[in-house]
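Contents: one structure, followed by commentary.
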Amino acid sequence: MQPIASSSKTSSKIKIKKKGAFDVRAFLGSAGVARKIVQYRRSEKIYGQGDPATSVMYIQNGGVKLSVVNEVGKEAVVGMLGPGDFFGEGCLAGQCICMGTATAITPTAVLVIEKNEMMRVLHTERALSDTFMSYILSRNIRIEEDLIDQLFNSSEKRLARTLLLLARYGKESQEQKMIPKVSQEMLAEMIGTTRTRVNFFMNKFRKLGFIRYNGGLQVHNSLLSVVLHE
């Protein structure tokens, strides 16, 4: 990993987007927050399961896989994150060690903020605190939806939903969205099925025009029809 820069704790004005929304990326990247930016190569580990939990991290670009390993060595992928996502926030709630492993799935830039500094800015910057709280609540809702999806939906629906989430469905306006390079083995781990089943459904989605391979995997919004189909 390659630390790029760290900043001093000088005062800084909060930056606001044109539409009035708080710009988290601009604020966290400003001189008013003591932090460092670290570049990770594809497949490089950001932290490991059992490591001390000391920092909150914010993805500037790239993607991160969150996974856990049980006592017999079986790995499960529990989350895929992208630009604008926080992770490692458990340290703010008293978590002493990392409960899983975070790995870069593409070349990734991560802004690392030490626990005490994150606590300071959350207490002093109301707009950041509100935005962070909204993110945590949204993450909690997503975890509940993931559990319901795993319990009640078919593997085909689970795969379609996972692809849409990886493509950041609903966060941007374009019809076609490129997703980070994710293997079929990883997709199988994420939805709890076999690689053979994932391969079968991926071929089906491609033939129906829901996805295509063009310098990477592109996901069309029409894939939502699989998720909504009864």
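Run the reach check for residue 74 against aspartates and glutamates, Cα to Cα strictly under 19 Å, same-chain hits fewer than 8 apart removed. What comes back?
The qualifying aspartates and glutamates are 51, 185, 189.
How far apart, in nanometres, would the label points at residue 130 and residue 196 be if each is projected 7 angstrom from Cα along the Cα-to-Cβ direction?
Between residue 130 and residue 196, the label points sit 5.4 nm apart.
Given the Cα-Cα distance of residue 114 and residue 150 and 0.36 nm per residue of separation, how much length would full extension add, in nm?
Gain on stretching residue 114 to residue 150: 9.6 nm.
Quick one: pull the percent of accessible area on the chain belonging to carbon and sulfur, 1.4 Å probe, ligands and nucleic acids left out.
On the chain, the fraction of accessible area on carbon and sulfur atoms equals 55 percent.
If the chain between residue 75 and residue 178 were fully stretched, how many nm would it gain, using 0.36 nm times the residue separation less the Cα-Cα distance?
Fully extending the segment from residue 75 to residue 178 adds 34.5 nm.
Give me the number: length gained by fully extending residue 96 to residue 137, i.e. 0.36 nm times residue separation minus the C-alpha to C-alpha distance, one decimal in nm.
Value of the extension gain: 12.6 nm.
The values are calculated or read from the model by the stated rules, or taken from the named source; none is laboratory data. Quick caveat: nothing in here was measured; it's all calculated off a predicted structure. Positions of Cβ are backbone-derived with ideal geometry, glycine not excepted, and every protein chain shown enters the neighbour counts. Each accessible area value is taken on the protein alone, full model and side chains, heavy atoms only, with ligands, DNA and RNA left out. Shrake-Rupley method; radii C 1.70, N 1.55, O 1.52, S 1.80 Å.
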